[in-house]
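Below is one structure, written out as structure tokens; comments come after it.
The values are calculated or read from the model by the stated rules, or taken from the named source; none is laboratory data. Values in this document were obtained by computation on a predicted structure and should not be read as measured data. A quick note on method: Cβ atoms are made from the backbone with ideal geometry, for glycine too, and the neighbour counts reach across all protein chains shown.
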Ligand SMILES: CC(C)(COP(=O)(O)OP(=O)(O)OC[C@H]1O[C@@H](n2cnc3c(N)ncnc32)[C@H](O)[C@@H]1OP(=O)(O)O)[C@@H](O)C(=O)NCCC(=O)NCCS
């Protein structure tokens with residue numbers, strides 16, 4: 001296993017062992033085993049899929065050089081099918097594509113999300129955040145969209161571990177001014193330690209970046225995902 005130094009490519013302080021890569025949209029090829037996922041997609045969707053996967057390969061290459069050209073098929077549930085011994089996630093939004101990966105020796109689950117740094121539509125806010133969550137985001141100096149993004153990042157870490165759907169109201173976020181956050185998940189699952197997730201967020205003039213992860217080593221207790 002390579003040792004990944006803590007990096008802050010994004011001004012988002014990364015957990016130890018996490019390799020994060022991001023890019024403005026780039027032209028990239030879709031690899032053969034990835035192609036079925038976007039066979040019927042419109043060109044813009046194919047383009048974001050390919051660009052974000054190119055990012056993911058760069059992030060993987062930092063873990064293991066030969067993974068710089070590996071194929072990352074899409075699982076039936078939509079999650080990326082990472083190489084054995086790797087957890088990770090992909091996100092794309094207007095102007096930014098990102099991926100983060102880590103070895104299961106350091107990280108049990110990993111999710112990330114990127115969003116434009118714009119207000120959430122009012123029609124969405126009430127579905128995603130309750131009043132207490134909105135108060136905590138305001139006190140932390142974060143717009144509501146940060147709360148939305150933290151929940152999306154959490155879901156991308158949670159789902160591959162549990163296979164259980166989570167509504168936005170199934171988790172309650174509390175954000176802090178130092179760029180960390182706490183997420184209370186109202187559902188319990190044997191593959192998810194209660195209150196175990198760590199979260200960070202960062203906003204620059206254009207984008208929100210969030211990350212959610214379960215630190216630790218995938219021991220025999222953790223090996224069996226759904
Ligand atoms: C799946 C979901 C999180 C994707 O987020 P999004 O903002 O729509 O889009 P993003 O660009 O950020 O992420 C898309 C990527 O998520 C990944 N993804 C899709 N389904 C996934 C799943 N079930 N588990 C993990 N990752 C998944 C894929 O890599 C996808 O990109 P790709 O198809 O190009 O590979 C979102 O569509 C969703 O269903 N949200 C509802 C569930 C939720 O967030 N609940 C909140 C719980 S507190």
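Listing for the model above:
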{"item": "Where residue 193 falls short, out of the listed (1) on the phi > 0 side of the Ramachandran plot; (2) out of contact with any helix residue (DSSP H, G or I) (no Cβ under 9 Å at 6 or more places or on another chain); (3) more than 13 Å from the ligand (Cβ to nearest atom)", "result": "(1)"}
{"item": "Test: residue in the range 210-221 that is under 18 Å from residue 89 (Cα atoms), within 11 Å of the ligand (Cβ to nearest atom) and surrounded by 12 or more Cβ atoms within 10 Å (Cβ to Cβ)", "result": "yes"}
{"item": "Selection from the range 83-95 of residues that are more than 10 Å from the ligand (Cβ to nearest atom) and either out of contact with any helix residue (DSSP H, G or I) (no Cβ under 8 Å at 6 or more places or on another chain) or under 18 Å from residue 35 (Cα atoms) (or both)", "result": "83, 84, 85, 94, 95"}
{"item": "Residue 166 vs. criteria near the ligand (Cβ under 10 Å from one of its atoms), surrounded by 17 or more Cβ atoms within 10 Å (Cβ to Cβ) and under 20 Å from the mean Cα position of the chain (by Cα)", "result": "yes"}
{"item": "Neighbours by Cβ (under 7 Å, 6+ apart or cross-chain): first from the range 114-128, in contact (Cβ under 8 Å) with a residue 12 or more places away in the chain and farther than 20 Å from residue 211 by Cα; second within 14 Å of the ligand (Cβ to nearest atom) and in a strand (DSSP E or B)", "result": "none"}
{"item": "Flag if residue 71 is surrounded by fewer than 19 Cβ atoms within 10 Å (Cβ to Cβ), more than 16 Å from the ligand (Cβ to nearest atom) and at pLDDT 95 or above", "result": "no"}
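Conditions (1) closer than 19 Å to residue 23 by Cβ; (2) surrounded by 13 or more Cβ atoms within 10 Å (Cβ to Cβ); (3) more than 8 Å from the ligand (Cβ to nearest atom), marked per residue:
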{"position": "98", "(1), (2), (3)": "yes, yes, yes"}
{"position": "143", "(1), (2), (3)": "no, yes, yes"}
{"position": "146", "(1), (2), (3)": "no, yes, yes"}
{"position": "178", "(1), (2), (3)": "no, no, yes"}
